Amino acid sequence: MPRNRSTPEEQRLRDLAVLRRVRDRIDREYAQPLDVEALARGAHMSAGHLSRQFRIAYGESPYGYLMTRRIERAMALLRRGDLSVTEVCFAVGCSSLGTFSTRFTELVGMPPSTYRREAALATSGMPSCVAKQVTRPVRSRPATVTEPQPA
């Protein structure tokens, strides 16, 4: 009996669906302790393969995407103004205040404590949905899309 083999295009679409599920998991569980190894296990891939394929599909590593999600949520919490920077750091799933502050500064352009002070003034009276759009962090590099090479 002949084996049912998929075309390269069908395989690429299946791979993209798996990567979309990984991205969706990051979006849902950003505050949980996630690492690339755990994400890769959930996708039945090696961590290296997941990282390479995720970067090709989305322009950044799974860890970079996770940290961007965490920083976006941290920005919203800091704009509220009722939590300290340390409380926000742990609320978004970061376990190191130093790493959180460094990544926040890279993405937002200012330390979280400065952002907390200035954001409240800059977005006062603005609907939260508009404030979120206006204050969205900009990634350090634009995503580049590369087509997979034929085998």
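Structure values in brief
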item	result
Residue within the range 32-45 that is under 28 Å from P112 (Cα atoms) and in contact with a Lys or Arg (Cβ under 9 Å, 6 or more places away or on another chain) present	yes
Residue match in the range 4-22 (condition: surrounded by fewer than 13 Cβ atoms within 10 Å (Cβ to Cβ), without any contact (Cβ under 8 Å) to a residue 12 or more places away in the chain, closer than 30 Å to A91 by Cβ and over 12 Å from the mean Cα position of the chain (by Cα))	yes
Sole residue being more than 17 Å from the chain's Cα centre (by Cα) and of a type in the set (K, R), chosen from R79, R69	R79
Every pair of residues 6+ apart whose Cβ atoms lie under 7 Å, when the first sits in the range 30-42 and is free of Cβ contacts under 8 Å to residues at least 24 places away in the same chain and buried (at least 19 other Cβ atoms within 10 Å of the Cβ) while the second is part of a helix (DSSP H, G or I) and not aromatic (F, W, Y)	L39/V22; L39/R25; L39/L50; L39/P62; A40/A47; A40/L50
Considering residues of the range 72-98 that are of a type outside the set (G, A, S) and part of a loop (DSSP other than H, G, I, E, B) only, the residue nearest to E29 (Cα to Cα)	V92
Residues of the range 45-94 satisfying the condition of being without any contact (Cβ under 8 Å) to a residue 12 or more places away in the chain and either on the phi > 0 side of the Ramachandran plot or of a type in the set (S, T, N, Q) (or both)	S46, S84, T86
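Readers should treat all values here as calculations from the given coordinates under stated rules, not as data from a laboratory. Since we're looking at a predicted model, the values are computed, not measured. Reconstructed Cβ throughout: ideal geometry from the backbone, glycine too, with neighbour counts over all protein chains shown.
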